[in-house]
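Student: Below are the structure tokens for one structure; questions will follow.
Since every read-out is calculated from the coordinates, none of them should be taken as a lab result. Everything quoted here is computed from the prediction, not taken from an experiment. Here the Cβ positions follow ideal geometry from the backbone for every residue, glycine too, while neighbour counts run over all protein chains shown.
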Amino acid sequence: MATKISNGVNNFQKKESQRGTTILEIIVYTALFGIIAIIISNFLIQIVNAYNISRAEREVLSNGRLLLETVTKSLSEAEEIYTPTSAFNKDLGQISLVTKTNVKPEHETAFIDFWVDNGRLWMRKEGANPSALSAASVRIGKFRLERLSQGLRRDAVRLTLQVNFAQQKFSSTITLTATTALRGNY
Amino acid sequence: MQNGNSKLNQYKNTAQRYLNSDFSLLHFEFNRGFGLVEIVVAIGIISVSLFALLQTEIVAIKLLRGEKENLEAMLLAEESLEAVRSLRDESWASNIAGVSDNTSYYPIVENGKWKLSAGTSSAINGKYQRSILFQPVVRNASDQIASSGTADPNTKKIIATIAWGNKNTKILTAYITNFLTSITPATEAKSFFFENGVTDGNLSNFPSNNSGDGDPTQSFTTSTATTTMTRADLYIKKVGANLSDLTLEVRTSPTGSILGTSTILTGSAISTSTLSWVSFRFPDFVTLAPNTNYTLRLRSIPSSTDAWSGSAGPIHWGYQQTASSPYAGGNARRYVGRLSNPNDSGQLLDQYDFSFRIFTLQ
């Protein structure tokens, strides 16, 4: 019985002393929790940032590659450049090509146009609606065409293409240069 | 037994305290040590996994940037091959046959076309150095390219190299042949010309730096036959560093209607050293009537006729001065269309003529 009482007293005393530690503990726990939360959220922010940067790089790279390949392929297949609707030596140029690929029945040739409007590269095949080649997530900073003439009917086009990521915060840019001779598939 | 009883009581008390308390945190006091270890381990696991995720993203970014460089380098190497093919298309005899084997060259655009320069290029886009090697080709008895056999002077092996950064390289190899000799393409020939204007001086102040001084012109007269003009060569050189882009027009008179416009030559790619024949091509050929006077009018982009348009120069267009006009078939003029007046036919230079060559389709 005595033990019980002493136990009770002990418990009461203990309880008091425990109350004090508990408040201190709450403070320590809160502080620890705060620090941990800051570290973890910082990690998370960095991960999201890194993800966004890698997405910017990926978008710019895949768009640049696709656009350049589409334009150079069309150029190398083309028979000639249609001068009146082509703009050379301009940062946002445009080009019209006369081609023998994918012509309509009973037609000798077809036209393909490439131009930049509102930051996107557009393509129109003759008789079809214009379609945007570049994704909305990127902006075309430069679509510069330079016409090189190596000789009589030896036309080549030097294309400088700059693709920028549309969001200012995660900037990424790629500048590609390629020269394509108009060979009409020979 | 008593011990066991007291322990039981202790538990009871504790349990009671839990029930009474509204502080569930008090739970921790019971197994305080374990809670801390648990938290530390949990934080450890979370941190390691988050760190791993972050590293994955960082590696992804690095790889993507590397891939971007690879693509840029690849395209430059392909451009080297395309430049050599263009040179082959122009003329095997004058462009390819004369190159030294196993010597470094690099392609550059000069006066609107490719040419080969000796050595290795300076850094393109601040990063990539390119060079081309030509190698002789030998064929075996069955006419296949082999390591030993008979030399084939009409085939060359080309090795295009791009080097950048810390020993990164990209090498493309291709063979070119002189197959165009078996095709007879259309040819052009020099038909009307004045080549005595070799004086290297600033006669026309073209393109004028923002003063709207207008354009220089040179007229010529056709022969008794109808001809198709494919190209005009002018004897010019670049003086200023920031020369505007140039284009040439064929007009009925200095201010008359435009019959044809040449391709645009990039100002920065015009040669600086001495006066040289620079070709302005008319991809859409210009038909010239017999015994008629036509005018070549040199234009700049932005236009030299407008004050403060941003045009920059000047160029020197080789000329000759004699007491009477040195070229009987036409006249030189300067300041044509000055100060945004399209009807201003400028100043007649009756003692001067500029050098030019007109090529026509044969």
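Student: Per-residue HN-Hα couplings for the range A:157-173, Karplus 6.51 cos²θ - 1.76 cosθ + 1.60 at θ = phi - 60°, whole Hz, x for Gly and Pro?
Tutor: Couplings: 10, 9, 10, 10, 10, 10, 10, 10, 6, 5, 7, 5, 5, 10, 7, 8, 9 Hz.
Student: Using 0.36 nm per residue of separation minus the Cα-Cα distance, give me the extension gain between residue B:202 and residue B:268 in nm, one decimal.
Tutor: 21.9 nm
Student: Quick one: putting +1 on the C-beta of Lys and Arg, -1 on the C-beta of Asp and Glu, what dipole do you get for the range B:188-361 around its Cα centre, in Debye to the nearest 20?
Tutor: In debye, rounded to 20, the range B:188-361 gives about 120.
Student: Let me ask something additional. Any of B:156/B:190; A:169/B:170; A:125/B:170; A:90/B:237; A:142/B:156; A:73/B:167 with alpha carbons more than 25 Å apart? Name them for me.
Tutor: B:156/B:190; A:169/B:170; A:125/B:170; A:142/B:156; A:73/B:167
Student: Let me ask something additional. For the range A:95-101, just list the computed ³J(HN,Hα) in residue order, Karplus coefficients 6.51, -1.76 and 1.60, θ = phi - 60°, integers in Hz, with x standing in for Gly and Pro.
Tutor: Result, ordered by residue: 8, 10, 10, 9, 10, 10, 8 Hz.
Student: What value, in deg cm²/dmol to 500, does the helix sum -39500 (n - 2.57) over DSSP H runs of n ≥ 4 give at 222 nm once divided by the residues of chain B?
Tutor: -8000 deg cm²/dmol
Student: Simple spin-label model, 7 Å along Cα-to-Cβ: residue B:221 to residue A:30 in nm?
Tutor: 10.4
Student: Also, quick follow-up: Using a 10 angstrom cutoff on alpha carbons, build the Gaussian network for chain B and name the most mobile of B:213, B:143, B:245.
Tutor: B:143
Student: Hey, another quick one. Per DSSP H run of at least 4 residues, take -39500 (n - 2.57); add these up for chain A, divide by its residues and hand me the 222 nm value, nearest 500 deg cm²/dmol. Walk me through the intermediate numbers first.
Tutor: Details: 1 runs with 76 residues, N = 186.
The per-residue figure over chain A is -15500 deg cm²/dmol.
Student: Among all stretches of chain A without exposed trypsin sites (Lys or Arg not before Pro) (DSSP loop, at most 14 other Cβ atoms within 10 Å), which one is longest?
Tutor: A:1-99
Student: Could you pull out which residues in the range B:38-71 have an amide N less than 19 Å from a spot 7 Å beyond the Cα of residue A:40, following the Cα-Cβ vector?
Tutor: Counting only backbone N, you get B:38-55.
Student: Just the ratio, please: alpha-carbon radius of gyration of the range A:27-136 over 2.2 N^0.38 Å, N its number of residues.
Tutor: Scaled against compact globular proteins, the figure is 1.84.
Student: Further question on the same structure: With the crude spin-label approximation of a point 7 Å out along Cα→Cβ, what separation in nm comes out for residue B:181 versus residue B:127?
Tutor: Going from the residue B:181 label point to the residue B:127 one covers 4.2 nm.
Student: Roughly how many nanometres apart are two label points built 7 Å out from the Cα toward the Cβ at residue B:339 and residue B:97?
Tutor: So the label points at residue B:339 and residue B:97 sit 5.7 nm apart.
Student: Using the Cα centre of chain B as origin and beta-carbon charges of +1 (Lys, Arg) and -1 (Asp, Glu), tell me which of B:320, B:189, B:44 is placed farthest towards the positive end of the dipole.
Tutor: Final value for the positive-end residue is B:44.
Student: What FRET efficiency do you get for residue A:160 and residue B:174 if R0 is 22 Å and r is their Cβ-Cβ distance, rounded to the nearest 0.05? Walk me through the numbers before you get to the answer.
Tutor: Working: r = 23 Å, r/R0 = 1.05.
Between residue A:160 and residue B:174 the formula returns 0.40.
Student: If N is the number of residues in chain A, what value comes out of its Cα radius of gyration divided by 2.2 N^0.38 Å?
Tutor: Numbers: Rg = 33.4 Å, N = 186, 2.2 N^0.38 = 16.0 Å.
After normalising by residue count via 2.2 N^0.38 Å, the value is 2.08.
Student: Which three semi-axes in whole Å describe the equivalent ellipsoid of the range B:69-182, each the square root of 5 times a Cα gyration tensor eigenvalue, listed largest first?
Tutor: 26, 17, 11
Student: Roughly how tilted is helix B:2-20, in degrees to the nearest 10 and between 0 and 90, from the longest Cα axis of chain B?
Tutor: Tilt of helix B:2-20: around 50 degrees.
Student: Separate question: Could you please report the charge total around residue A:107, scoring K, R as +1 and D, E as -1 over all other residues with beta-carbon less than 10 angstrom from its beta-carbon?
Tutor: Numbers: positive: A:100, A:104; negative: A:106, A:108, A:126.
It works out to a net charge of -1.
Student: Before anything else, pin down the relative contact order of the range B:69-182: Cα pairs under 8 Å, at least 6 apart, normalised by residue count, whole percent.
Tutor: Details: 200 pairs, mean separation 27.6, N = 114.
The normalised contact order for the range B:69-182 reaches 24 percent.
Student: Another question about this same structure. Where is the GNM fluctuation largest for chain B (alpha-carbon springs, 10 angstrom cutoff): B:258, B:43, B:96?
Tutor: Residue with maximal mean-square fluctuation among B:258, B:43, B:96: B:43.
Student: Equivalent ellipsoid semi-axes for the range A:88-159, as square roots of 5 times the alpha carbon gyration tensor eigenvalues: give them largest first, rounded to whole Å. Can you show the working numbers first?
Tutor: Working: eigenvalues 104, 82, 10 Å².
Largest first, the range A:88-159 gives 23, 20, 7 Å.
Student: So, with +1 on the Cβ of K and R and -1 on the Cβ of D and E, and no other charges, what is the size of the charge dipole of the range B:69-182 about its Cα centre, to the nearest 20 debye? All intermediate terms of the calculation are to be shown ahead of the outcome.
Tutor: On the way: 11 positive and 11 negative charges, 42 e Å.
With only Lys, Arg, Asp and Glu charged at Cβ, the dipole is about 200 debye.
Student: Now a separate question. Non-local amide H neighbours of residue B:110 (under 5 Å, H modeled in plane, Pro and chain starts lacking H): which ones?
Tutor: B:115
Student: A follow-up question, please. Calculate how steeply helix A:2-77 sits against the longest principal axis of the alpha-carbon atoms of chain A, using the helix alpha-carbon long axis, and give the answer as 0 to 90 degrees to the nearest 10.
Tutor: Orientation of helix A:2-77: about 0 degrees from the principal axis.
Student: Multiply the residue separation of residue B:362 and residue B:142 by 0.36 nm, subtract the distance between their alpha-carbon atoms, and state the gained length in nm to one decimal.
Tutor: Gain on stretching residue B:362 to residue B:142: 75.2 nm.
Student: Using a Gaussian network for chain A with springs between C-alpha atoms less than 10 Å apart, which of these wobbles most: A:160, A:22, A:99?
Tutor: Sorting by GNM fluctuation, first place goes to A:22.
Student: Shielding by partners for B:61-70, please: the mean number of other protein chain Cβ atoms within 10 Å of each residue's Cβ.
Tutor: Other-chain Cβ atoms within 10 Å of each residue's Cβ, averaged: 5.
Student: Find how much the distance from residue B:152 to residue B:167 grows on full extension, using 0.36 nm per residue of separation minus their present alpha carbon separation; answer in nm with one decimal.
Tutor: Working: separation 15, 0.36 × 15 = 5.40 nm, distance 3.40 nm.
So the extension gain works out to 2.0 nm.
Student: Alpha carbon centre of the range B:50-82 versus the range B:250-303: separation in Å?
Tutor: Their Cα centres are 44 Å away from one another.
Student: In whole Å and largest first, what semi-axes does the C-alpha gyration tensor of the protein assembly as shown yield when each eigenvalue is scaled by 5 and square-rooted? Let's see the in-between values first.
Tutor: On the way: eigenvalues 1173, 170, 89 Å².
Value: 77, 29, 21 Å, ordered largest first.
Student: Any idea what Rg and Dmax come out to for chain B if you just take the C-alpha atoms, in Å?
Tutor: For chain B, the Cα-based Rg and Dmax read 37.4, 140 Å.
Student: Kindly give Rg over Rh for the range B:188-361, based on alpha-carbon atoms, with the Kirkwood expression for the hydrodynamic radius.
Tutor: Rg/Rh: 0.93.
Student: Relative to the longest principal axis of the C-alpha atoms of chain B, give the angle of the C-alpha long axis of helix B:32-90, reported between 0 and 90° and rounded to the nearest 10°.
Tutor: 10
Student: What list do you get for B:236, B:264 if you sort them by fewest beta carbons within 10 Å?
Tutor: Listing B:236, B:264 from fewest to most nearby Cβ atoms yields B:264, B:236.
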